[in-house]
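*Asks:* Below you'll find the structure I mean.
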Amino acid sequence: MPQQTGQVPQSVGLNGHRPHQTLTHGKNCVKTPSRLLAVAATLAIQPVPALELGHGFSLKGFGTAGIVYNENRQADFAAESTLAASGAGRTNPLTYSVDTKAGAQLDWQATDRFSLTAQMLVKQFPDRSWNPELQWGFVKFRASPDLDVRAGRIRPPIYLLSDYLDVNYANPWVRPPVEFYSVTPIRHMEGGDLLWRPQTGSVTWLVQPYVGRSSTPARGGEIGLDQILGLNVSASLGDFTLRTGYIHTRMTVTSNFMTLAFGAYDQLCRLGDVTACKPMRKLNHKDGEASFGSVGATWDNGDYFVSGEWGRRDTDTSIADLMSWYLSGGARFGRWTPYLTYSEMVSDSPLDYDKGSPMTNFITTGLLRGNPTDQRTVSLGVRYDLMANLAVKAQWDHTTTECITSPDPWDGRQTGTCGGWFILATDAFNRKPQAVDLLSLSVDFVF
């Protein structure tokens, strides 16, 4: 079982997990089974050593240079739809802003028990800037050989790949499936966690409770999370890993649109429109409860791999409840790794409201239709390991969106509910189901 000490896996020459590695039958890739707790096992060649600076300091780096082409000019595709300023398509059919990023990580092993980690990342943020951001900044204390305690800025382990989301070299795809990995857009949190790694027979466990708070800039606003409580549990047996997790928090979403909408509710309620009082309380965007539970598994025998995750999000705010999942598999032929992925997101929340006055209905429907809606993607791609720390990937995505069907059979599909995860969409895009083809090319590296 790996030691989750940072976002970047040791198998690609960066601080974090230290899995056992062996070359597979003369192939160029290294067999890293489920010990990486993810399909990061699909990639590694021989590990790249960190740059030792002396006095316990070491430096590692990683990055992606990627381009995405979207033939549809009515909406933008973005890997993180909530956090992205723009994407490929309507803004520009060909763009590097979706996947391009670079990061560096500095580690200091102060003593046998104490270490510090700081990781900076540069990519396009919601304000369209490319300023460096501190992604990780924590101190770790090794209480025992099987127990670590961390405190500071960390990423909560919500997914199988949480530790490697920005280190694209550690993943087989051009990018993780957006229908699943955009559900809880938490880049990092201020808090702490425990990393307990007991062994029962042939099974290695990782038990990771965590607490904290987070504030994440989003497009047009901010997502604030307080009282984060979570638990991540995984078990590895040979080539197989099973993982489950749960996170609960109090969520506040701030944006100009939210301020206007709830300000209008308040005025209508004060003026005697009682139909505005109920949605104002029920869809409250301040300090509402939110949770996300997930389960995932990965199997990798060095020649073939299969992985998948399923999750459900529930909130007491205007943010939609939804279910999402993906299944991915591939094979290794020397330096080549072709793969196939299917991913899906289905919203469980209504996107229309007709229980109030005309103005209340208008405001509430506008809030509800600001949520992402049903979307499915089939991805076909290939990875080529050019050298020990450099991989080239190409991927084709066929994404379809659906309109929410009205409960009234005479109304049919509700227009304005067909946008999927796409952003900056035109009214025409949102009026009917869409089929969008994306072509992506990336170069991932570590040093």
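None of the figures in this text is laboratory data; all of them are computed from the coordinates on show. Note that this is a predicted model, so its numbers are computed, not measured. Counting neighbours? That spans all protein chains shown, and the Cβs are built from the backbone with ideal geometry, glycine included.
*Asks:* Charges only on Cβ, +1 for Lys and Arg, -1 for Asp and Glu: so what's the dipole of the range 10-446 about the Cα centre, in debye to the nearest 20?
*Replies:* Dipole about the Cα centre, nearest 20: 620 debye.
*Asks:* What do the square roots of 5 times the Cα gyration tensor eigenvalues come to for the range 174-327, in whole Å, largest first, as semi-axes of the equivalent ellipsoid?
*Replies:* 39, 17, 13
*Asks:* What aspartates and glutamates does residue 393 reach when the alpha-carbon gap must be under 16 Å and sequence neighbours fewer than 8 apart in one chain are set aside?
*Replies:* 99, 166, 385, 444
*Asks:* Further question: Between rounded, prolate and oblate, where does the chain land on the alpha carbon gyration tensor, with a ≥ b ≥ c its root eigenvalues, rounded for a/c under 1.5, else prolate if a/b exceeds b/c?
*Replies:* prolate
*Asks:* Residue 306 to residue 323: extension gain in nm, 0.36 nm per residue of separation minus the Cα-Cα distance?
*Replies:* 4.0 nm
*Asks:* Sort 321, 374, 444 so that the residue with the fewest other Cβ atoms within 10 Å of its own Cβ comes first and the one with the most comes last.
*Replies:* 321, 374, 444
*Asks:* Nearest 10 degrees, 0 to 90: what angle lies between the long axis of helix 256-270 and the longest principal axis of the chain (Cα atoms)?
*Replies:* Taking the Cα atoms of the chain, the angle to 256-270 is about 40 degrees.
*Asks:* Right, next: Could you tell me how many degrees, from 0 to 90 and to the nearest 10, lie between the Cα long axis of helix 358-368 and the main elongation axis, the longest principal axis, of the Cα atoms of the chain?
*Replies:* The two axes meet at around 10 degrees.
*Asks:* Where the only charges are on Cβ atoms (+1 Lys, Arg; -1 Asp, Glu), what is the dipole of the range 200-331 about its Cα centre, to the nearest 20 debye?
*Replies:* Dipole about the Cα centre, nearest 20: 480 debye.
*Asks:* With a point put 7 Å past each Cα toward its Cβ, work out how far residue 129 is from residue 147 in nm, to one decimal.
*Replies:* 4.1
*Asks:* Related question: Each label point is 7 Å from the Cα along the Cα-to-Cβ direction; what then is the distance between the points at residue 248 and residue 348, in nm?
*Replies:* Spacing of the two 7 Å Cα→Cβ label points: 1.6 nm.
*Asks:* Against the globular-protein guess of 2.2 N^0.38 Å, express the Cα radius of gyration of the range 103-260 as a ratio, rounded to two decimals.
*Replies:* The range 103-260 yields a ratio of 1.12.
*Asks:* Net charge within 11 Å of residue 253 by Cβ-Cβ distance, Lys/Arg positive one each and Asp/Glu negative one each, not counting residue 253 itself?
*Replies:* -1
*Asks:* Measure off 7 Å from each Cα along the Cα-to-Cβ vector at residue 295 and residue 271, then give the distance between these two points in nanometres to one decimal.
*Replies:* Taking the simple label geometry, residue 295 and residue 271 are separated by 5.1 nm.
*Asks:* Would you order 60, 355 from fewest to most other beta-carbon atoms within 10 Å of each residue's own beta-carbon?
*Replies:* 355, 60
*Asks:* Moving to a separate point now. Run the reach check for residue 432 against lysines, Cα to Cα strictly under 27 Å, same-chain hits fewer than 8 apart removed. What comes back?
*Replies:* 355
*Asks:* About the Cα centre of the range 58-155, what is the dipole size in debye to 20, counting +1 per Lys and Arg Cβ and -1 per Asp and Glu Cβ, all else neutral?
*Replies:* For the range 58-155, the charge dipole is close to 140 debye.
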